[in-house]
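To start, the structure itself, in structure tokens.
The values are calculated or read from the model by the stated rules, or taken from the named source; none is laboratory data. All of these numbers come straight from a predicted model, not from anything done at the bench. As a convention, Cβ positions derive from the backbone with ideal geometry for all residues, glycine included, and neighbour counts pool all protein chains shown. SASA here: full protein model, heavy atoms, side chains in, ligands and nucleic acids out. Shrake-Rupley method; radii C 1.70, N 1.55, O 1.52, S 1.80 Å.
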Amino acid sequence: MQQGRQLLSLEQAKKRIGDVLSGIRVPDLPYPVGKPEKESVSDWTPLLMSCWTEQRDEPVSHVIRSVSLTWSVRQINAAYVSDRIMDVFLKSSGLHPELAGRLARLRFFLAWRMNLEGGGLFNDALMNWLDSFQDHRGWSANSGRSSRLLLDQLDALTIEVAGCFESGDTTAVMAFCQQWIADAEKREQQTERLRERLLKTEQGAARQRRAEHTARALIGRAMKGRQLPEPIVQFVMETWFPLLKQIIWEEGLDGDNWRHASKLLEWLVWIGDPKLSDKDKNRLYTVGEQIGDRINDVWSRLNKKPLPEASLAGIQSVMVQRLRGEVPELVPALPPADRFSWDSSWLALEPVPESDYREMAQKWYVEGEGAKEQRRFFLTLLEDTQEVLWTNGAGVRLGFSPWSVFRSDFDQGVLRPLAPIRPFGEVLAETVTALSNVLQRQMQQRKQAAEDAQKKAAALRKEKEQAEKVRAAQQAAEAAEKERLRLEAEAQRQADQDAEAARLRQEKEVAARILVEGIKLGGWIVVENRDSPGEPRRLKLAVRINASRKLVFVDRLGLNRREYIEDALIEDVVEGNVRVLGVSAEFDDTLSRVVGRIRVGKQ
């Protein structure tokens, strides 16, 4: 499980790569603005080929960001995904930094092909080839011929991939990977045989070293600082030393022969050193009588041929001298340290329980950091010597470490175990799963952003509509107010006009009244003929009846009598239907004077 989501299978991851390449967005990468035209997208094949040929140690995403060219979204994401996959794989592979650096440069090839093929790039040939590098986890730069051989193969890979960039066809590279795997399987079979042979050889050599060092330790402890007769020293070094080694080789240290041989060595030293044996003459006689038979007895148990008599002649001569009370000529019991070295710890060598080292064997360990790190394979613990047998993983011995030293270095962190390698397919599935989860979140965020944008647009639209309604209402209110003001102004204007008209009429009526009242008997008026507008009638005042305010007019013949009430006549004069003849100009002057007096009176 990863981030609450189930890990994709390898096949699912391969299918999902296309979606990741087209959909994911990573901060700080030079994505194009909008969707560029196909013709405007740069061809990155020459750039990636140059980086691969130069074997540059730089992420692809850094390379494309360092040049001012237009890249497609798929190219940029292919660069990022290839960087991430290779970084995760190499960090978890446990490979030597130099070897990991060489493989890391494949990111240029992966980015190029991933942009073209998507998940189809990761076929069985490529993935099995990458997984085959777990056989080289123990590779170090100073591993001799084997390390140089691997570097030569990687140099050949550089040429093959460069040719693939030029031709655009990956067939040669995939064939190279398949041949690499076939060669690796052959080498593995050979390596297994070398391991078995080395194990048998080193186990035998370990038993031999155990016999050699233990026998030396026993002799060194017994003869340290002693002065002994030369025959005894010669017998111990030439006869008894090989016999002790033979006992250890064949029987170990737990048998009777080892115990008897050790005791006889002590007797020989005791006999030969006067400081020890002069204090107990009786025991000297007893030992002297038995030592020859005891030596022959131990010898015969281990060898079919009897011990040559000459070998004991020197010891017998020393015994005779000692029994006579003579002191034989003494020499240093041990040769100089440069000729005979010994270590008493071999006598106290305790077996290491299998449970203590079983889980630690058959594993890789590393010492040092970076380019200086040294890698070694713990093949087995040699039980005879309690030594760790180190190899290069290919059946070549690198050396030994005493178990105590190994344990101390391991506990102090000087030696560190290499973590188990992770298959490339697992890294690919995990990386694509993580990126797919990121893509899923981004898609959800984009969907949410789109929904939010739609909601915001709807809100803005609604707000705009509301604002439009408010604006329309305001405009309507303003228009209504303008109309109200206009109507008020119009009403005021009409009222003013009406008032003015009323005033003018009143003035006319005053003037007309004066004029009518001023008509004398016999005065003429002209009345507009309504039936014949072009033929006005002339009438003269015949009678004025003041009581009824009636005026009677007749024509020239005194006929066609017509009566007017004074107010009616005034009205007709004001309306222009009647004109008072002879006084029209006077009427206009009178009207002007009356109007003037009225105005003066108002002021």
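Restricting the search to the range 543-570, which residues are acidic (Asp, Glu) and more than 10 Å from residue 516 (Cβ to Cβ)?
Of the range 543-570, the ones acidic (Asp, Glu) are 555, 563, 566-567.
555, 563 - these are the residues of the range 543-570 that are acidic (Asp, Glu) and more than 10 Å from residue 516 (Cβ to Cβ).
Run down 298, 318 and say which single residue is part of a helix (DSSP H, G or I), open to solvent by less than 70 Å² (accessible area, probe 1.4 Å), of a type in the set (A, V, I, L, M) and closer than 24 Å to residue 210 by Cα. Show your work before the answer.
Working: 318 fails: closer than 24 Å to residue 210 by Cα.
From the options 298, 318, the qualifying one is 298.
List, please: which pairs have Cβ atoms under 8 Å, are six or more places apart or on different chains, and start with a residue in the range 45-62 that is without any contact (Cβ under 8 Å) to a residue 24 or more places away in the chain and end with one that is of a type in the set (Val, Ile, Thr) and not in a loop (DSSP other than H, G, I, E, B)?
Short answer, once both residue conditions are applied: 47/63; 47/64.
Restricting to the range 301-310, name every residue that is closer than 12 Å to residue 261 by Cβ and open to solvent by less than 70 Å² (accessible area, probe 1.4 Å). Talk me through it step by step, then tell me what you get.
Just the residues of the range 301-310 that are closer than 12 Å to residue 261 by Cβ, to begin with: 301-302.
The answer is 302, and nothing else.
Got at least one residue in the range 156-178 being closer than 28 Å to residue 402 by Cα and open to solvent by less than 80 Å² (accessible area, probe 1.4 Å)? Before the answer, list the steps.
Taking the range 156-178 as the starting set, the residues that turn out to be closer than 28 Å to residue 402 by Cα are none.
Checking the range 156-178: not a single residue is closer than 28 Å to residue 402 by Cα and open to solvent by less than 80 Å² (accessible area, probe 1.4 Å).
Of all the residues that make up the range 155-200, how many are within 16 Å of residue 129 (Cα to Cα) and either in a helix (DSSP H, G or I) or among the hydrophobic types (A, V, I, L, M, F, W, C) (or both)?
24
Quick one: residue 167 ticks every box in (1) free of Cβ contacts under 8 Å to residues at least 40 places away in the same chain; (2) closer than 30 Å to residue 136 by Cα except a single one, so which number is it?
(2)
Please count how many residues of the range 359-407 are among the aliphatic types (A, V, I, L, M) and under 19 Å from residue 140 (Cβ atoms).
Step one: of the range 359-407, the residues among the aliphatic types (A, V, I, L, M) are 360-361, 366, 371, 379, 381-382, 388-389, 394, 396, 398, 405.
If we keep only those that are under 19 Å from residue 140 (Cβ atoms) too, we end up with 366, 371, 379, 388-389, 394, 396, 398.
Count: 8.
Could we say that residue 465 is under 37 Å from the mean Cα position of the chain (by Cα) and open to solvent by 60 Å² or more (accessible area, probe 1.4 Å) here? So that I can check it myself, show each step before the final result.
Numbers: under 37 Å from the mean Cα position of the chain (by Cα): no; open to solvent by 60 Å² or more (accessible area, probe 1.4 Å): yes.
No, not satisfied.
I'd like the full set of residues that are without any contact (Cβ under 8 Å) to a residue 24 or more places away in the chain and not hydrophobic (A, V, I, L, M, F, W, C), limited to the range 63-79.
66, 68
What single numbered condition from (1) without any contact (Cβ under 8 Å) to a residue 24 or more places away in the chain; (2) open to solvent by 100 Å² or more (accessible area, probe 1.4 Å); (3) not in a loop (DSSP other than H, G, I, E, B) fails to hold for residue 494?
Of everything listed in (1) without any contact (Cβ under 8 Å) to a residue 24 or more places away in the chain; (2) open to solvent by 100 Å² or more (accessible area, probe 1.4 Å); (3) not in a loop (DSSP other than H, G, I, E, B), residue 494 misses just condition (2).
Considering each of 90, 95 in turn, give the residue that is part of a helix (DSSP H, G or I) and not hydroxyl-bearing (Ser, Thr, Tyr). Spell out how you get there, then give the answer.
Details: 95 fails: part of a helix (DSSP H, G or I).
Matching residue, one of 90, 95: 90.
Can you spot a residue in the range 224-232 that is under 30 Å from residue 330 (Cβ atoms), of a type in the set (Val, Ile, Thr) and in contact (Cβ under 8 Å) with a residue 40 or more places away in the chain? Steps first, answer last, please.
Start the filter on the range 224-232 by keeping residues that are under 30 Å from residue 330 (Cβ atoms), which leaves 224-232.
Now drop any that are not of a type in the set (Val, Ile, Thr), which leaves 232.
Then keep just the ones that are in contact (Cβ under 8 Å) with a residue 40 or more places away in the chain; that gives 232.
Yes, the conditions are met somewhere in the range 224-232.
So, residue 138, is that one modelled with pLDDT under 90, open to solvent by less than 20 Å² (accessible area, probe 1.4 Å) and over 30 Å from residue 21 (Cβ atoms) or not? Walk me through it before giving the result.
Working: modelled with pLDDT under 90: yes; open to solvent by less than 20 Å² (accessible area, probe 1.4 Å): yes; over 30 Å from residue 21 (Cβ atoms): yes.
So residue 138 fits the description; yes.
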